[in-house]
1. Could you please find all residues in the stretch 50-81 being of a type in the set (S, T, Y) and either touching a residue at least 60 places away in the same chain (Cβ under 8 Å) or loosely packed, with under 13 Cβ neighbours inside 10 Å (or both)?
2. For the stretch 29-55, what are the residues that are within 14 Å of I97 (Cα to Cα) and of a type outside the set (D, E, K, R)?
3. Going through the stretch 64-79 one residue at a time, which ones are among the small types (G, A, S) and either outside any helix (DSSP H, G or I) or in contact with a Phe, Trp or Tyr (Cβ under 7 Å, 6 or more places away or on another chain) (or both)?
4. Inspect all residues belonging to the stretch 146-164 and state whether any of them is more than 18 Å from the chain's Cα centre (by Cα), over 18 Å from K135 (Cβ atoms) and among the polar types (S, T, N, Q).
5. Condition (residue is over 12 Å from the mean Cα position of the chain (by Cα) and farther than 21 Å from A200 by Cβ) applied to the stretch 20-37: is it met by at least one residue?
6. Hey, V130 hits all of (1) surrounded by 17 or more Cβ atoms within 10 Å (Cβ to Cβ); (2) more than 25 Å from K172 (Cβ to Cβ); (3) of a type outside the set (D, E) but one; which does it fall short on?
7. Could you go through the stretch 82-89 and let me know if any residue there is touching a residue at least 40 places away in the same chain (Cβ under 8 Å), surrounded by fewer than 16 Cβ atoms within 10 Å (Cβ to Cβ) and more than 20 Å from L181 (Cα to Cα).
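The values are calculated or read from the model by the stated rules, or taken from the named source; none is laboratory data. Not measured: the values here are computed from a predicted model. Positions of Cβ are generated from backbone atoms using ideal geometry, with glycine treated the same way; all protein chains shown enter the neighbour counts.
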Amino acid sequence: MLFEGERALIFSPHPDDDVFGMGATMYMMAQKGIDVYSAYVTHGVREGDPERIKTRKSEAERACGIVGSKPIFLDVDYSLTSYEEMKDVYEKVNPDIVFINNRDMHPTHTRVFDLAKNVLKDKEVYLYEVWSPLKKPNVIVYFDEDIMEIKLKAMKCHESELKRRNFAEAFKALNIYRGILSEPFVRKYGAVGIGKGKYAEAFEKVVL
């Protein structure tokens, strides 16, 4: 059974991490009738160029429209010293299900994860993969070619980022990898497998 609840909140360090990391799961939750919210912690433009910020937000809005998520832009300063904006959106949405990026090698992702611990202390959350694979995933969401096409369409909305490097192909490859190699986690090591298909998104259910 896919994640249970009425409202799901995804904390995304940049305006693309949510769709790259878990766009298929977002779509499937929305199709199930769950209200999905994407809280973008930063606008993704360190130098603060207004036109680039506008572009990145527009791309995120289009991607959210495809996967069925409601975008919320927190515009936290890049110093990332305050978690009040994250606390406010958590209290406003009052989610039943919370997702946060894993604490990977990207410095902004690391800082957002650390800030989130102040908001989500002692709460059950699901970590999703962005720049580094999870070491111990315990929830695997499988999906088929049709949903992969929807995820690709959403990822390709982030044109300004895809000009830098082909994130869409990278995350499709990650989903193929998870689809093939997650079977032992489910069969032998206690992970929960949800759905069927050649692709998968991996999560780690933890209490922060």
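1. As a first pass, look at the stretch 50-81 and keep what is of a type in the set (S, T, Y): 55, 58, 69, 78-79, 81.
Passing the criteria: T55, S79, T81.
2. Selection gives M29, A30, G33, I34, V36, Y37, S38, A39.
3. Looking only at the stretch 64-79, we keep the residues that are among the small types (G, A, S), and these are 65, 68-69, 79.
Within the stretch 64-79, G68, S69, S79 meet the criteria.
4. yes
5. Taking the stretch 20-37 as the starting set, the residues that turn out to be over 12 Å from the mean Cα position of the chain (by Cα) are 28-35.
Narrowing the set further to residues that are farther than 21 Å from A200 by Cβ leaves 33, 35.
So far as the stretch 20-37 goes, yes, one or more of its residues are over 12 Å from the mean Cα position of the chain (by Cα) and farther than 21 Å from A200 by Cβ.
6. All conditions pass for V130, except number (2).
7. The first filter runs over the stretch 82-89 and keeps only residues touching a residue at least 40 places away in the same chain (Cβ under 8 Å), leaving 85-86, 89.
Those still in the list that are surrounded by fewer than 16 Cβ atoms within 10 Å (Cβ to Cβ) too: none.
No, the stretch 82-89 contains no residue that is touching a residue at least 40 places away in the same chain (Cβ under 8 Å), surrounded by fewer than 16 Cβ atoms within 10 Å (Cβ to Cβ) and more than 20 Å from L181 (Cα to Cα).
This table checks each residue for (1) at positive phi; (2) outside any loop (DSSP other than H, G, I, E, B); (3) at pLDDT 95 or above; (4) in contact with a strand residue (DSSP E or B) (Cβ under 9 Å, 6 or more places away or on another chain).
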| residue | (1), (2), (3), (4) |
| --- | --- |
| A39 | no, yes, yes, yes |
| R62 | no, yes, yes, no |
| T81 | no, no, no, no |
| D88 | no, yes, yes, no |
| E91 | no, yes, yes, no |
| V130 | no, no, yes, yes |
| K136 | no, no, no, yes |
| I147 | no, yes, yes, yes |
